[in-house]
1. With each pseudo-label sitting 7 Å past Cα toward Cβ, what's the residue 253-residue 288 distance in nm, one decimal?
2. Ignoring any ligand, DNA or RNA, what whole percent of the accessible area of segment 1-125 comes from carbon and sulfur when the probe is 1.4 angstrom?
3. Quantify, in whole percent, the carbon and sulfur part of the accessible surface of segment 222-342 (1.4 Å probe; protein heavy atoms only).
4. Cα centroid distance between segment 138-182 and segment 21-47, in Å?
5. Is segment 64-198 rounded, prolate or oblate when judged by the Cα gyration tensor, a ≥ b ≥ c being the square roots of its eigenvalues, rounded requiring a/c under 1.5 and prolate requiring a/b larger than b/c?
6. At a probe radius of 1.4 Å, what is the per-residue accessible area of residue 2, in Å² to the nearest 10?
7. How many nm separate the modelled label positions at residue 274 and residue 232, each set 7 Å beyond the Cα in the direction of the Cβ?
8. How big is segment 1-129 by Rg and Dmax over its Cα atoms, in Å?
Amino acid sequence: MHMDAGALADFARGCAVLGSGGGGPADVTLPVAGQAIEECGPVPVVDPSGLPDDALVMPVGLVGSPAVAAERIGGRDEPARLRARFEDLHGAPVAAVMSSEIGGLNGCVAVAWAARLGLPLLDADSMGRAFPRMDQNVLELAGLRPCPAVLVDEHGHTVVVDGVDGAHLERFARATLDAFGGRAASADYPLTAGQATRHAVTGSVTRALALGRGEGPEPLLTGKVSSVRRYATRDADGDDATAVLLEGAGPDAGRLVLVEARSEFVAALEEGTALAVVPDVIALVDVRTGWAVPVEEVRYGLRVHLVTLPSAPAWYTPEGLRLAGPSAFGLPGLGHADPPGTVPADAAPRVAERSAPLVADGRPGLAPDGATGACSTAPGHRPGGGTP
């Protein structure tokens with residue numbers, strides 16, 4: 001399979017759904033990926049099991065403020081700088097690029113950078129959706145080391161973070177972002193193709209593409225936004241919260257659903273019963289455009305489909321729920337237990353996936369496992385011949 005210009009818009013639309021209202025707007029980086037493909041050619045999308053077990057994989061993405069990223073989309077040289085420093089640190093050529101976060105804008109970022117580097121893109125990512133913190137990923141759950149991590153910007157400024165765990169990587173990166181101006185390109189949680197096969201969320205690129213093509217779940221509700229309330233929380237991270245009240249229309253007339261959000265939508269409740277709770281993916285899809293709406297763009301009167309999806313099974317384990325379950329977002333005791341005594345074998349979502357269109361007019365040294373500009377024309381070649 002290749003990611004070409006014809007598939008890109010559907011892919012970005014699916015990434016927006018998997019963003020669960022966060023991860024930054026995918027339509028911002030869609031044209032960036034489109035230009036990269038136009039200049040450098042389609043991107044091969046490969047299963048990690050198709051590469052040698054010891055092949056070096058570089059997870060990539062943007063970190064920082066989505067608002068800043070929308071204004072500073074970066075330059076052509078950032079992926080080459082990331083790759084050069086990443087290869088210097090590991091003493092091996094990068095064999096493939098992997099998205100650090102399929103949800104939101106970073107899905108298209110990985111496509112753009114794979115095209116620029118002339119490398120394949122793994123059909124996998126580190127989250128299977130979007131989360132606000134760098135350490136909220138399944139590689140952290142698997143015990144893979146987050147470092148050395150590389151941060152660069154379009155001006156060539158480069159920072160390497162090493163010798164820290166995932167939680168401290170998040171703190172160091174956020175502190176460094178001030179000097180970067182609120183946004184940086186990142187390569188972290190280095191791994192091999194074999195580790196990606198065993199621990200990453202595989203199939204996430206094809207899942208996003210399928211969602212964007214309308215192969216998704218039936219909406220839990222279709223209606224309009226009847227109120228939006230934004231308020232401060234007492235969470236340790238200081239995140240603001242948003243409460244969205246949805247009023248059903250048509251067959252759903254008379255129903256009221258409350259959707260709670262932080263950086264992402266984290267819970268959907270009807271008459272006190274949880275319809276979906278993080279780590280479930282919760283999306284509000286604009287009935288008119290077919291695009292998932294970011295939390296910050298929800299407004300009164302918007303007509304939406306409420307859609308939920310299961311996340312990767314790893315997120316429903318006790319460790320996964322501790323890292324990114326309801327309690328991690330200031331909602332202890334809501335929905336999923338924190339952590340549960342038992343987890344369903346298939347980690348089933350509250351609503352089974354069924355085929356129904358999501359369209360505008362439709363209703364429906366690497367550590368071992370467990371250790372705590374221009375287009376490149378030749379995979380394995382280091383653009384620029386040196387480090388920034």
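The values are calculated or read from the model by the stated rules, or taken from the named source; none is laboratory data. Keep in mind that what you see is a predicted model, and the values were worked out from it rather than measured. Here Cβ is always computed from backbone atoms with ideal geometry, including for glycine, and neighbour counts include all displayed protein chains. We work out accessible area using only protein heavy atoms, side chains counted, and drop any ligands, DNA or RNA first. Shrake-Rupley method; radii C 1.70, N 1.55, O 1.52, S 1.80 Å.
1. 2.2
2. On the way: 1950 of 3730 Å².
Exposed carbon and sulfur together represent 52 percent of the surface.
3. Numbers: 2640 of 5090 Å².
On segment 222-342, the fraction of accessible area on carbon and sulfur atoms equals 52 percent.
4. 23
5. On the way: a/c = 1.24, a/b = 1.12, b/c = 1.11.
Cα axes put segment 64-198 in the rounded bin.
6. Answer for residue 2: close to 110 Å² accessible.
7. Distance between the two pseudo-spin positions: 2.8 nm.
8. 13.6, 39
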